[in-house]
Amino acid sequence: MGYEYTPQANVAVALAKVKPPAVTLIIISGLGVLAQLARMVAGLGRAITLPADAPPQFERLAHMMTGPLAVVSLLFGLAVCGFIIFGAIKMMNLQSYGLAMAAAIVASIPCISPCCCLAMIPGIWSIVVLTNAEVKAAFR
């Protein structure tokens, strides 16, 4: 008369375990996308103007913030956020274990993940959940 452990129950348990960290990664990465887009709009909407007596180092820095390096940085940030969102969606649907794990690892790397260190906690949480035997077995 006890609880019977069936494969369906395994999937339900795994879904309950992966959903909170996956949703958290999606939210933080979504905030990262919004931050990157705001940075892009701010960079396009204004030119950095420096006082006439500004040192040459500041001129170089201002050029870097609005030049090609800024574009590459924005595209990289958007790509990382998109990858983490895609991997978190796969994790939430128990699909593609390797992709879900890769997204969790990328999210846990400081200064690469969206919102800098904010995504580290759910990234590490996702890694811990994904290494759980029940969760690993539930992936198709």
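A few points about this structure:
- Looking only at segment 114-128, residues that are open to solvent by 20 Å² or more (accessible area, probe 1.4 Å) and on the phi < 0 side of the Ramachandran plot come to 8 in all.
- The numbered conditions (1) modelled with pLDDT of 90 or more; (2) surrounded by 15 or more Cβ atoms within 10 Å (Cβ to Cβ); (3) under 17 Å from the mean Cα position of the chain (by Cα) are all true for ALA79 except (2).
- The number of residues in segment 122-140 that are out of contact with any Ser or Thr (no Cβ under 8 Å at 6 or more places or on another chain) and among the β-branched types (Val, Ile, Thr) comes to 4.
- The number of residues in segment 94-140 that are assigned to a helix (DSSP H, G or I) and basic (Lys, Arg) comes to 1.
- Within segment 51-76, the residues that satisfy the criterion of being open to solvent by 70 Å² or more (accessible area, probe 1.4 Å), at pLDDT below 70 and in a loop (DSSP other than H, G, I, E, B) are PRO51, ALA52.
- Residue satisfying all of: in segment 95-113; open to solvent by 60 Å² or more (accessible area, probe 1.4 Å) and among the hydrophobic types (A, V, I, L, M, F, W, C); farthest from ALA22 (Cα to Cα) among these: CYS111
- Out of ALA88, ALA14, one residue alone is among the small types (Gly, Ala, Ser), at pLDDT 95 or above, surrounded by 12 or more Cβ atoms within 10 Å (Cβ to Cβ) and under 23 Å from ILE124 (Cβ atoms). It is ALA88.
- Residue in segment 99-112 that is more than 21 Å from ASN132 (Cβ to Cβ) and modelled with pLDDT of 85 or more present: yes
The values are calculated or read from the model by the stated rules, or taken from the named source; none is laboratory data. Keep in mind the model is a prediction, meaning the values are calculated, not measured. Neighbour counts run over all protein chains shown; Cβ positions are idealised from the backbone, glycine included. In case anyone asks, the SASA skips ligands and DNA or RNA and just uses the protein heavy atoms, side chains included. Shrake-Rupley method; radii C 1.70, N 1.55, O 1.52, S 1.80 Å.
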